[in-house]
Structure formats: structure tokens, C-alpha cells
Amino acid sequence: MIEILFFILFIAVFGKILGFILSATWGLFKILLYIVLLPAILLLLVFGGFLYIALPILIVIGVLSLIESV
């Protein structure tokens, strides 16, 4: 009986820790994406001659960031 209670509590604690880990990882991934990867991709597109692709992406991201900040 104690083993079943221990198992249920163990799963509950492990589930909360797993949820926290996934939340923290998602937050770090978003920071990495917005600060490092997105500008690098846009710069590579511009230097590669794909300005007609990079400019609309930059405009959409700019408008979305203005809307989100208000």
C-alpha cells in the first residue's frame, strides 16, 4: 500500500519537474531564436542576394513587434 502511494507521489513530483524543464527550455529556445538565429538568417539572405525574401520577412517581424509592444 505504501509502495502505491510512493509511486503516485513520485509520478506527481516527476511530472511537475518535467513541466518546469519543458517550460524553461522553450523560453531559452525563443530567446535564442529571436536574438541570435533570426538576425543571422536575415543577414545571410541579404549577403546571399535574396533581399527580396529578407525584406518582407523583416517588415512582417517589425509590424508584429510593434503590435505586440502596444
Members of region 54-64 found to be of a type in the set (Gly, Ala, Ser), surrounded by 11 or more Cβ atoms within 10 Å (Cβ to Cβ) and either free of Cβ contacts under 8 Å to residues at least 12 places away in the same chain or not in a helix (DSSP H, G or I) (or both), listed by number: none
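Give region 1-53 a look and list any residue that's among the aromatic types (Phe, Trp, Tyr), closer than 22 Å to Ser65 by Cα and either surrounded by 10 or more Cβ atoms within 10 Å (Cβ to Cβ) or under 23 Å from the mean Cα position of the chain (by Cα) (or both), or say none.
Of all residues in region 1-53, those among the aromatic types (Phe, Trp, Tyr) come to 6-7, 10, 14, 20, 26, 29, 34, 47, 50, 52.
Now narrow it down to the ones that are closer than 22 Å to Ser65 by Cα: 26, 29, 34, 52.
Trp26, Phe29, Tyr34 - these are the residues of region 1-53 that are among the aromatic types (Phe, Trp, Tyr), closer than 22 Å to Ser65 by Cα and either surrounded by 10 or more Cβ atoms within 10 Å (Cβ to Cβ) or under 23 Å from the mean Cα position of the chain (by Cα) (or both).
Where a number appears in this text, it was derived from the coordinates with a stated rule and is not lab data. Since we're looking at a predicted model, the values are computed, not measured. Ideal geometry is used to build each Cβ from the backbone, glycine not excepted, and the neighbour counts take in all protein chains shown.
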